[in-house]
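**Student:** Before anything else, here's the structure in question.
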Number of protein chains: 4
Amino acid sequence: MIVVLKHGVSDEKKAQLIAWLQALGLRIHISDGEFQTVLGLIGDTTNVDMDLVESLEIVDSVKRVTEPFKCCNRKFHPDDMIVEIGDVKVGGGNFVMIAGPCSVESEEQIVKVAKAVKAAGAKLMRGGAFKPRTSPYDFAGLKAFGLDLLKIARQETGLPIVTELMNIMDLPLFEDVDVIQVGARNMQNYDLLRELGHLDKPILLKRGLANTLKELLMSAEYIMASGNERVMLCERGIRTFSDYTRNTLDLSAVPMLHQLTHLPVIVDPSHATGIAKLVPPMALAATASGADGLIIEVHNDPMHALCDGAQSLRPEEFTELAEKVRAIREVIA
Amino acid sequence: MIVVLKHGVSDEKKAQLIAWLQALGLRIHISDGEFQTVLGLIGDTTNVDMDLVESLEIVDSVKRVTEPFKCCNRKFHPDDMIVEIGDVKVGGGNFVMIAGPCSVESEEQIVKVAKAVKAAGAKLMRGGAFKPRTSPYDFAGLKAFGLDLLKIARQETGLPIVTELMNIMDLPLFEDVDVIQVGARNMQNYDLLRELGHLDKPILLKRGLANTLKELLMSAEYIMASGNERVMLCERGIRTFSDYTRNTLDLSAVPMLHQLTHLPVIVDPSHATGIAKLVPPMALAATASGADGLIIEVHNDPMHALCDGAQSLRPEEFTELAEKVRAIREVIA
Amino acid sequence: MIVVLKHGVSDEKKAQLIAWLQALGLRIHISDGEFQTVLGLIGDTTNVDMDLVESLEIVDSVKRVTEPFKCCNRKFHPDDMIVEIGDVKVGGGNFVMIAGPCSVESEEQIVKVAKAVKAAGAKLMRGGAFKPRTSPYDFAGLKAFGLDLLKIARQETGLPIVTELMNIMDLPLFEDVDVIQVGARNMQNYDLLRELGHLDKPILLKRGLANTLKELLMSAEYIMASGNERVMLCERGIRTFSDYTRNTLDLSAVPMLHQLTHLPVIVDPSHATGIAKLVPPMALAATASGADGLIIEVHNDPMHALCDGAQSLRPEEFTELAEKVRAIREVIA
Amino acid sequence: MIVVLKHGVSDEKKAQLIAWLQALGLRIHISDGEFQTVLGLIGDTTNVDMDLVESLEIVDSVKRVTEPFKCCNRKFHPDDMIVEIGDVKVGGGNFVMIAGPCSVESEEQIVKVAKAVKAAGAKLMRGGAFKPRTSPYDFAGLKAFGLDLLKIARQETGLPIVTELMNIMDLPLFEDVDVIQVGARNMQNYDLLRELGHLDKPILLKRGLANTLKELLMSAEYIMASGNERVMLCERGIRTFSDYTRNTLDLSAVPMLHQLTHLPVIVDPSHATGIAKLVPPMALAATASGADGLIIEVHNDPMHALCDGAQSLRPEEFTELAEKVRAIREVIA
C-alpha cells in the first residue's frame, strides 16, 4: 500500500502517522520527493483500513498495490482452474453449455427439456426449485419437490444438476445436487458463502446486479478461503441506466476476469437481457468473448412457463444456437 | 393492467390472447381504437407475468396500472404510519436521531458513545455486532458478545438498540434487541424478510445498493405480508458512476417514498458518503428533504475504530450537528 | 398515447382534461372500466408533453404507444438501410471494418497505418484531426493539417476517410471527407446534427456516454428529418459503476437497435474498453452479436502515440483479429 | 505521478521505461522496496498519458498525485471566489436565487413571472430562448426574439438575465445577456467552452448527465484557462438506474465541490427531479447542503407551458419556498 502525504506536512505529524502504521505491524519505506512524501507500507496490509488512512488530514491519497484477493488471484495461480463435475470439465479450454427451464414445474416438463437440451449438446442441466422473486405474491418454486424432479431428470438423461440455494437452512436438501448456484441477490450473503466453502461441491457464483469485478472476486474468496476451491463465476448482466433490456450484459468482464483470476467464467444471456430474441446473439457474443460456458433458459412451452417465459428459448431454438456456438468456439480456439 | 396490441392484428390471434388471459381468471375490457386495440385486464393481475405478455408477437406493450405492493401502499393507507419503539415514535411528524459506532468494540467504547449521543439528543443507539464485510479477512464484528455489550449500554442510558441481523439462524440471539436492521446487501434476501415478518419487532430496512424504490417497497411488502407492519425504510446511498463519494445519496427518494408509502423514511448519510466531512451537510440536507430520521455513525476515537473510522463523527461533532438538525426541523415543520 | 385516470375522478375534472386535450387537436377515445378510466389519444401526439399530463392531479399514468422517431423507425422502413461510401456498402448484410490511429500525427504515420489496415481488410480508414479532450492542456489534434494528411493517405490507399467534426464552423474543411463522425460528447449537440442533415454525406453517429437507445435514435432523427438519411449508428460503451474498463460495452444494443431501426450499427471496442488487450475479444463478440461493422484504433507505434496509445492495436494484431472476424461473420451469416 | 512496477521486473526494462519518461521532460525518483519498485515522476505530468503508462507490460499501476485542474483548484485558491453580476454577488457566503420559466413564451408571460420571482426574493431571472430538445419535432425556443423579451423583463424588474447558449455562432446575440448558461449536454463541447473563456461575462456551467466532478472541473478549466475566471458550477441531477425521478440529484457534490474548488456551486432541483412536487423539498435540501444558490423553474401557468410544465412551480409556491430557503440559510450560516 502506498500513502501519499500532502505537501508541506510537518515532521511531527509525519512521525505520528508512521508510528501508528508501525503499530499495525507494518514496515514503512519513506520516499521524500521534492513536492511530496510517499510512504510504502510493507507487510500484511490486508487489515489496513484504506478509507480511514485516506481521511487523515495530512494524507493526500492512498493506493492499494496488491489486490486483497489471494485464493482466486491469477498472479498466484497462473494456470486456468478446471472445475470437474463428474466427467464434465469447465475451464482451461473446456467449454460447457448449461440449459434448462427457469423453474422446475413438473416431472414431464423437466424431463422433456432435459432430454432436448442434452440432444442439443448441453452437458449440465439447470432448473430452479427455490426461486428468488421480487414480489412475495409470485410463484417461488416447488422447493424440495422440485429438487426431486431434477433428480428424476438427471436419472433419465445423465445430466448433472445446477440449481440455486437461497438459504443456509436448506443446505441438507442440496446434498445430492451437483452444482450449487448462488444467485445475484445473494452474492454478498457472506454467511452463506462461508458455509459453501465447507462443501466439497462446485459453486456457480453469479455476479450481483451492481457489483464490481473486485467484489465478485472477494465473494469467491469467501468460498475459497473456507476451503472450497471449485468456484465458477457467472456474468449475468448489471444494472445501468439503460432500459431497453432488463440488465446490461457486461461482456468485457469475461476477458478482464480471465486476466484477474484463474477461475472459469460462465455467461447467462437469459437473465442479462430478459428477452428471448436477444438470447442467441448475446450467447454467440459471449462465446466469442472467450467465456468458458453459457447458462441458458430453455422451456418447452414458454407461453405457459410459471416464471421468466419471456426470456426462454424453445428447444429447437436452443439446438440451432448450440450449433453456432460450437462453430464460434472453433474460430476462437 | 393494460395491454396494447400491435396495429393490424388478426381477429383470430386477438381472440386467442383474450382466451388465454381469461383462463388466468381475468375479465377483459376491449377498446378498439382506429389505430390500435387496447385490452384492459380487470381482476387480480398480481400473478400476470408482464414480461411474458409483452414478449408475445401481437403485443406492442404492456402497462401495469396498479402497483404490485399493497400493505405498504399509501393509496390504501393515507395516514403516516407511526412506528413505536418503547416510548420513541418515528414517522407522522416524529423525527428520530439514531447514532452510535459502526461496530461495537468494547464495553467502554459503546457505553461512552451511547452516553454522548444520548446527551446530544439521539433517541436510539446503533452499533454493529454482526458486520457484513466485503473481504473474508476483515473484522466481522464481536457477534453474540457484541449484542451483550449493546445491552449493557442500553441499561446505562435507556436508549433502545438498533442492530443488524445477517442470518436467520442468528435470530434467537436478537430476541432482546429493540429494532432489527436489514442491511443493504440483504434487502432481497427473501427468506430472511419473510422470517422477520413473523416477529413483533420494528425492522429498519435499508435500500440495496442498486435497487429501485419499487423493489425496496416490494421487500417491505415481504415483511408486512407476513404479518409485521412495523417497517422503517432507509435510504443509504446508491451505486452510480460517480466516484468521489462511496455511494450517491439519493435524497429525492425521501419525498418520493412519502408519496408512495405511509412508512417512515430514515436517511443514513454515513454509509452514503463514506467521508466524515460530508456527513453533517448531508444530514442537514436529508432533514430538509423531509426525512423522518437520521442514522449516523459516531465514534469516540475514529482513528482506532475497527471499521469505517473514515466516516465516523466524533461525539462533539455529532452534538453540534444535532442542534442544527433540530433547527431545520423547525423550519420545515 | 394512453392516459390512465385515477380511480374516482369527478366527471367535471374528466371533462376539463378531455377538452384540454381536444384543444391540442387530438381525438379522445374514452374507455370506462370498472376501476379506472383510460383515455386513448388519437392524432399527432408528437407535441404532447407526456410529463406534464402525468403531473396532473387526476392522472395516474401516461403511456406513449407510438415511438417519437419516424425517419429511423424500422416499423416504417422494414428493409435494412444500406449506406454506400464510394463502392463500400454498410448494412443489409454488408460488414465493414474501419481502422486507423486515434489521431493523425504525421504523413508517414497515417500512410503507414492506412496501408497496413487496408492489407488486413479494412475498407474505410479512421483518424482524428480534431480531437475532443477532457483537459484543455492535452493534444487536441492537427486540425486542418491533419485532414490534409488523411487525404494523402486516401490517395495512397484508396480508402475513404472517416473523421470527427466537433464544430459547425469547421464544416467547410470537411467538404472532401467521406464520412463525418459525430463523437459521443456531441450526440446531443442539436444544432450540429441539424446542420449535418443538410449534407449529402454519410454520418457516423456515436452513442453518448449515458444515452438511451431512444435518445440515440432521436439524434439520428435530427439528421434524417433535415434531409440526410445516410446515418450509421455506433455503440462505443456506456458509463456505469463498473470501473475495470473505461466504459461498459453494451452489446445488447446491437440486436435491440436492429429491431428498432433499419440503420446500420457499428461497434467501437477501442473506446469502449480503453485497453488494447480487450479489443480483440470485444471485437469478436461485437461481430457475433450481429454488428454491421467495427471501428478499431490501430497505431504503428502505440508507445509513442500522442493520444489513446493504451487502446491501440499494432497492425499485426489487427491483421490477426480481422481474420477471426471474417470467420465469425461466416458462422452467423 | 506515481508508477508502481510489477514484481521482478528486469533492470533493463526498468531502465528503458525511465529513459522514456525522462524523454518527456520528467525527473524520476526511484524507490526500490522489497517487493516493488515505485517511480515518482517529478515535473509537469499534465501531458503524460496515464492510461498508456498503465498499459505497459512491466507496470502494475499508475496514480496521479496532483489533480490535472489548476485554475479552478482550491489548493491554489484557498478563498471562495465571489462572482459578481451587477451588484448581485454569488459565493463566499452570498446566496442567490435564480428563477423563471423554462422557456420564454411571450412578453406578458416573462414580465409577469419576472415580477413575481423578484417579489419573492430572486436576484437573477432565468428563461430559455434557445432550447435543447431531445426530439427535432419539439418546440425549440423563440431564439433571438426570446432574448429580446428577456431584456424587456429585465428593464421592467432590474433582474439580470441567465440564459442558455447552445452554439458559438449565436454568440453575437448574447452580448447583452448577463450570465451565459452552458447546458448539461454541452458541458464537454470544448470549442464552445474555449470561446466562452474569451468573454468578460459570468458563465453558469451545468454538470453533464453522466459526468464526474473531475470532468466538470476540467470543463471549468477550459473556460478559465482561456481567461474568463467567472465560472459558477451547477449540479442538476445525474443519470442513474433510478427511474422514479428524471435524474438523481447528487447533493454530496455540493460539499465535495467546495473542497475541490473555490468556485460557487448552484443547484437546479427542477431539472434534477422533473416533478414539481419534489422541487421544494430538494431545494431546501440543496440549501442545507451548503449550496451557493438555486436555479428554479417558475411558470405562471404550468398547464399551458410550452416546455417542462411538469416541473414548474407556480409563483405562490415559489414565494413560500423562498421563505423557507432563507430560514435554512440562517440555520447553517
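**Student:** Out of the stretch C:9-51, which residues are within 13 Å of chain D (Cβ to nearest Cβ) and either assigned to a strand (DSSP E or B) or of a type in the set (Gly, Ala, Ser) (or both)?
**Tutor:** C:Ala19, C:Ala23
**Student:** Looking only at the stretch A:165-191, which residues are within 16 Å of B:Leu165 (Cβ to Cβ) and in contact with a Gly (Cβ under 8 Å, 6 or more places away or on another chain)?
**Tutor:** If the condition is that a residue be within 16 Å of B:Leu165 (Cβ to Cβ) and in contact with a Gly (Cβ under 8 Å, 6 or more places away or on another chain), then A:Gln188 is the only one that fits.
**Student:** Another question, if that's okay. Hey, any hits in the stretch D:281-292 for a residue that's surrounded by 24 or more Cβ atoms within 10 Å (Cβ to Cβ) and either at pLDDT below 95 or in contact with a Phe, Trp or Tyr (Cβ under 7 Å, 6 or more places away or on another chain) (or both)?
**Tutor:** Yes.
**Student:** So B:Asn247 clears everything in (1) touching a residue at least 12 places away in the same chain (Cβ under 8 Å); (2) farther than 21 Å from D:Thr273 by Cβ; (3) of a type outside the set (Gly, Ala, Ser) except one condition, right? Which one?
**Tutor:** All conditions pass for B:Asn247, except number (2).
**Student:** Just to check your reading of the model, which residue among C:Gly274, C:Gly309 is within 17 Å of A:Pro255 (Cα to Cα), in contact with an Asp or Glu (Cβ under 7 Å, 6 or more places away or on another chain) and assigned by TED's automatic domain parsing to the domain that holds C:Glu215?
**Tutor:** C:Gly274
**Student:** On to the next question. Only one residue in C:Gln36, C:Gln22 is buried (at least 17 other Cβ atoms within 10 Å of the Cβ), of a type in the set (S, T, N, Q) and more than 16 Å from D:Asp138 (Cα to Cα), so which one is that?
**Tutor:** Only one candidate passes the filter, namely C:Gln36.
**Student:** On to the next question. So which residues in the stretch B:211-229 are over 12 Å from the mean Cα position of the chain (by Cα) and of a type outside the set (Phe, Trp, Tyr)?
**Tutor:** Selection gives B:Met224, B:Ala225, B:Ser226, B:Gly227, B:Asn228, B:Glu229.
**Student:** For the stretch B:261-280: of the residues being in contact (Cβ under 8 Å) with a residue 40 or more places away in the chain and within 17 Å of B:Lys206 (Cβ to Cβ), which is surrounded by the fewest Cβ atoms within 10 Å (Cβ to Cβ)?
**Tutor:** By that ranking, first place goes to B:His271.
**Student:** In the stretch C:221-240, what residues are among the β-branched types (Val, Ile, Thr) and at the interface with chain A (Cβ under 9 Å from one of its Cβ atoms)?
**Tutor:** C:Ile238, C:Thr240
**Student:** Something else: Farther than 30 Å from A:Leu284 by Cα, surrounded by fewer than 16 Cβ atoms within 10 Å (Cβ to Cβ) and out of contact with any Leu (no Cβ under 7 Å at 6 or more places or on another chain): which single residue out of A:Glu57, A:Glu84 fits that description?
**Tutor:** None of the others qualify; the one that does is A:Glu57.
**Student:** Between a residue in the stretch A:219-236 that is of a type in the set (Lys, Arg) and any residue that is part of a helix (DSSP H, G or I), which pairs come within a Cβ distance under 8 Å, given they are 6 or more apart or on different chains?
**Tutor:** What qualifies is A:Arg236/A:Ala184; A:Arg236/A:His271; A:Arg236/A:Ala272.
**Student:** Additional query: (1) without any contact (Cβ under 8 Å) to a residue 60 or more places away in the chain; (2) out of contact with any helix residue (DSSP H, G or I) (no Cβ under 9 Å at 6 or more places or on another chain); (3) under 23 Å from B:Leu196 (Cα atoms): which one isn't true of B:Glu108, the others all being true?
**Tutor:** (3)
**Student:** In this structure, is D:Glu105 modelled with pLDDT under 95, more than 27 Å from D:Ala327 (Cβ to Cβ), in the same structural domain as D:Asn228 (by TED's automatic domain parsing) and in a loop (DSSP other than H, G, I, E, B)?
**Tutor:** Taking the combined requirement at face value, the residue satisfies it.
Condition check ((1) outside the structural domain of B:Val117 (by TED's automatic domain parsing); (2) under 20 Å from the mean Cα position of the chain (by Cα); (3) among the hydrophobic types (A, V, I, L, M, F, W, C); (4) not in a loop (DSSP other than H, G, I, E, B)) across all residues:
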| residue | (1), (2), (3), (4) |
| --- | --- |
| B:Asp138 | no, no, no, no |
| B:Gly141 | no, no, no, no |
| B:Lys151 | no, no, no, yes |
| B:Gln155 | no, no, no, yes |
| B:Leu159 | no, no, yes, no |
| B:Thr163 | no, yes, no, yes |
| B:Met169 | no, no, yes, yes |
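**Student:** Being facing chain A (nearest Cβ under 9 Å) and not in a helix (DSSP H, G or I) is the filter here; which residues of the stretch C:248-281 pass it?
**Tutor:** C:Thr248, C:Leu249, C:Asp250, C:Leu251, C:Ser252, C:Ile275
**Student:** When you check C:Arg126 against the structure, is it modelled with pLDDT of 95 or more, more than 21 Å from the chain's Cα centre (by Cα) and surrounded by 15 or more Cβ atoms within 10 Å (Cβ to Cβ), yes or no?
**Tutor:** no
**Student:** Can you name the residue in the stretch C:52-87 that is outside any loop (DSSP other than H, G, I, E, B) and within 19 Å of the chain's Cα centre (by Cα) and is also farthest from B:Lys75 (Cα to Cα) among such residues?
**Tutor:** In this case the residue turns out to be C:Ile85.
**Student:** So, in the stretch D:293-324, exactly how many residues are more than 9 Å from every other protein chain (Cβ to nearest Cβ), surrounded by fewer than 24 Cβ atoms within 10 Å (Cβ to Cβ), within 24 Å of the chain's Cα centre (by Cα) and not small (Gly, Ala, Ser)?
**Tutor:** 0
**Student:** Mind telling me which of the residues C:Lys118, C:Lys131 ends up being within 14 Å of chain D (Cβ to nearest Cβ) and crowded, with 18+ Cβ neighbours inside 10 Å?
**Tutor:** C:Lys131
Residue-wise test of (1) in contact with a His (Cβ under 6 Å, 6 or more places away or on another chain); (2) closer than 27 Å to A:Met166 by Cα; (3) in contact (Cβ under 8 Å) with a residue 12 or more places away in the chain.
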{"site": "B:Val88", "(1), (2), (3)": "no, no, yes"}
{"site": "B:Ile98", "(1), (2), (3)": "no, no, yes"}
{"site": "B:Pro136", "(1), (2), (3)": "no, yes, no"}
{"site": "B:Leu147", "(1), (2), (3)": "no, yes, yes"}
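**Student:** Moving on. Return yes when C:Leu205 is under 18 Å from C:Ile168 (Cβ atoms), more than 10 Å from every other protein chain (Cβ to nearest Cβ), of a type in the set (A, V, I, L, M, F, W, C) and over 10 Å from the mean Cα position of the chain (by Cα) and no when it is not.
**Tutor:** It is false that C:Leu205 is under 18 Å from C:Ile168 (Cβ atoms), more than 10 Å from every other protein chain (Cβ to nearest Cβ), of a type in the set (A, V, I, L, M, F, W, C) and over 10 Å from the mean Cα position of the chain (by Cα).
**Student:** Pick out the one residue from C:Leu165, C:Leu171, C:Leu192 that is at pLDDT 95 or above, surrounded by fewer than 21 Cβ atoms within 10 Å (Cβ to Cβ) and within 14 Å of chain D (Cβ to nearest Cβ).
**Tutor:** Being at pLDDT 95 or above, surrounded by fewer than 21 Cβ atoms within 10 Å (Cβ to Cβ) and within 14 Å of chain D (Cβ to nearest Cβ) holds for just one of C:Leu165, C:Leu171, C:Leu192, which is C:Leu171.
**Student:** Moving on. For C:Asp243, which of the numbered conditions (1) modelled with pLDDT of 95 or more; (2) within 8 Å of chain A (Cβ to nearest Cβ); (3) not in a helix (DSSP H, G or I) fails to hold?
**Tutor:** (1)
**Student:** Report yes if A:Glu221 is buried (at least 24 other Cβ atoms within 10 Å of the Cβ), part of a helix (DSSP H, G or I) and either acidic (Asp, Glu) or out of contact with any Asp or Glu (no Cβ under 9 Å at 6 or more places or on another chain) (or both), otherwise no.
**Tutor:** yes
**Student:** Just to verify a result, which residue in the stretch B:87-115, among those that are among the β-branched types (Val, Ile, Thr) and buried (at least 24 other Cβ atoms within 10 Å of the Cβ), is farthest from B:Leu149 (Cα to Cα)?
**Tutor:** B:Val90
**Student:** Also: Are any residues in the stretch C:35-49 under 15 Å from C:Gln22 (Cα atoms) and out of contact with any Cys (no Cβ under 8 Å at 6 or more places or on another chain), and if so, which ones?
**Tutor:** Passing the criteria: C:Leu39, C:Gly40, C:Leu41, C:Ile42, C:Gly43, C:Asp44, C:Thr45, C:Thr46, C:Asn47, C:Val48.
The values are calculated or read from the model by the stated rules, or taken from the named source; none is laboratory data. Just so you know, these numbers come straight off a predicted model, no measurement behind them. Note that each Cβ is placed from the backbone with ideal geometry, even for glycine, and that neighbours are counted across all protein chains shown.
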